[in-house]
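Inspection log for the structure reproduced underneath, given as structure tokens.
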Amino acid sequence: MAINKTVAGTYAVDFRDQNKRRIQRTFDTYREAVEYQKEVLNAVQKREFIRRSNRSVKEVAEEWLEKKKAQGTYERNSLCAWQVHVDNYIVPSFGTLLVQDVDVSRIEREAAEWNKRISAKTVNKILTTLTAVMALAKRHKLIKDNPADEAERLKLSAEQEEKAVTLDEVYLKTQVKKLIEATEPGTLQRIAVELLALTGIRIGELLGATWEAFDLKAGTFDVRLNMQDGDNGEPIFKKPKTKSGRRTLPLSGALLHDLRQWKLRCPPSARGLVIVNEIGNPLSRKSVSKLLDAAIDRAKVKRLTPHGLRHTFASLLIADGVPISEVSHYLGHKNAAVTLAVYTHFCRKETGAMHNLAASILEAAQ
């Protein structure tokens, strides 16, 4: 390994890497050349030297996105979010840089700039995408370390970490009763409203429900499919992402009665779906929201979304003293901590525990 002064007055570091490939790198000053020589010598000895590539962050990010799309296993919403991250943030900030020239400090500076326009939570999501992009560069031996993985994430407020549901975002039991009574027995509208309000399933799980998943004798519903709105209007059916999302829910006698009524009237469909229109085609999320809105207008209760019925289901169970772990299972949450964080307002009850503690201690001391 040698440092040679060139005719142009620069300094060239000439060496061979661990694979015996000859490499030259030119620097403006002798000091820069010496520092690089030390760094390279150490890397070659450890067989960790990575040859400088001319690939830019933009090229690697686009390759990463194409690989994700080609796999065909990711939800459309996720792909769209990643596309926005790449097009609106990663490429404008780093796109023209070579992957080797991106360092932790540069990433943290750009993250601070993004935070002037968008929330810290969204910034952290973009950093997660950038980490995945740079991980691809690392797998291709373009970089030794992943600077995005080492970059510090922005601190989130408690509200940003988990938004707790409040009383004004849910119905009381009397309001749920009025909402259901505002629908006709044996109709699609009643079944859609009841399943959302009385089982706490997500709207995608409602739309993906098949008659095969219901055991009307045993009184159970196996949540096994989620329907998403796909491109060109074609729905996409997928299994739950997590093990906790695949769950079996108990059904009440009244709900089973209404399901049996609807099954006799339900138009047949290729998949045996429960929620279909008059010719057996799957309903869209927008159509379900319209069914709910119509029932809300007749019941004269406040307007909630289908997800608001899920929140209602969970909050009413917790307020009735059902253990958090049980509610978490019904909702398909990853763990009870998630459920507790979201529905914490419904867990707070005045128990007199502090008075009881003080009394027991003072009485024991006498």
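The values are calculated or read from the model by the stated rules, or taken from the named source; none is laboratory data. Note that the coordinates shown come from a computational prediction; the quantities given were computed from them, not determined experimentally. Ideal geometry is used to build each Cβ from the backbone, glycine not excepted, and the neighbour counts take in all protein chains shown.
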Return yes when VAL170 is touching a His at 6+ places or on another chain (Cβ under 6 Å) and of a type outside the set (Lys, Arg) and no when it is not. yes
Any residue that is outside any loop (DSSP other than H, G, I, E, B) and under 30 Å from GLY208 (Cα atoms) - is there at least one of those in region 103-113? no
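One line per residue, one yes/no per condition, for (1) of a type outside the set (A, V, I, L, M, F, W, C); (2) closer than 21 Å to THR339 by Cβ; (3) buried (at least 20 other Cβ atoms within 10 Å of the Cβ):
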| position | (1), (2), (3) |
| --- | --- |
| ALA197 | no, yes, yes |
| GLY204 | yes, yes, yes |
| TRP211 | no, no, no |
| LYS217 | yes, no, no |
| MET227 | no, no, yes |
| SER244 | yes, yes, no |
| LEU259 | no, no, yes |
| LEU264 | no, no, no |
| ALA270 | no, no, no |
Return the only residue of LEU136, LEU130, LEU142, LEU97 being modelled with pLDDT of 95 or more and either more than 29 Å from THR339 (Cβ to Cβ) or in the same structural domain as TRP64 (by TED's automatic domain parsing) (or both). LEU130
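Give region 24-38 a look and list any residue that's in contact with a strand residue (DSSP E or B) (Cβ under 6 Å, 6 or more places away or on another chain) and either surrounded by 11 or more Cβ atoms within 10 Å (Cβ to Cβ) or modelled with pLDDT of 80 or more (or both), or say none.
ARG25, THR26, PHE27, TYR30, ALA33, TYR36, GLN37
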Inspect all residues belonging to region 232-251 and state whether any of them is of a type in the set (A, V, I, L, M) and closer than 28 Å to ILE318 by Cα. yes
From (1) modelled with pLDDT of 95 or more; (2) within 19 Å of ILE203 (Cα to Cα), pick out the condition that doesn't hold for SER244. (1)
Assess whether GLU363 counts as being modelled with pLDDT under 90, among the acidic types (Asp, Glu) and loosely packed, with under 10 Cβ neighbours inside 10 Å. yes
Reported set for region 60-94 where residues are among the small types (Gly, Ala, Ser) and at pLDDT 95 or above is ALA61, SER93
Given the options SER287, SER252, name the one that is surrounded by 13 or more Cβ atoms within 10 Å (Cβ to Cβ), over 23 Å from the mean Cα position of the chain (by Cα), at pLDDT below 95 and within 23 Å of LEU179 (Cα to Cα). SER287
So, in region 223-280, exactly how many residues are under 17 Å from ARG76 (Cα atoms), in contact (Cβ under 8 Å) with a residue 60 or more places away in the chain and in contact with a strand residue (DSSP E or B) (Cβ under 7 Å, 6 or more places away or on another chain)? 6
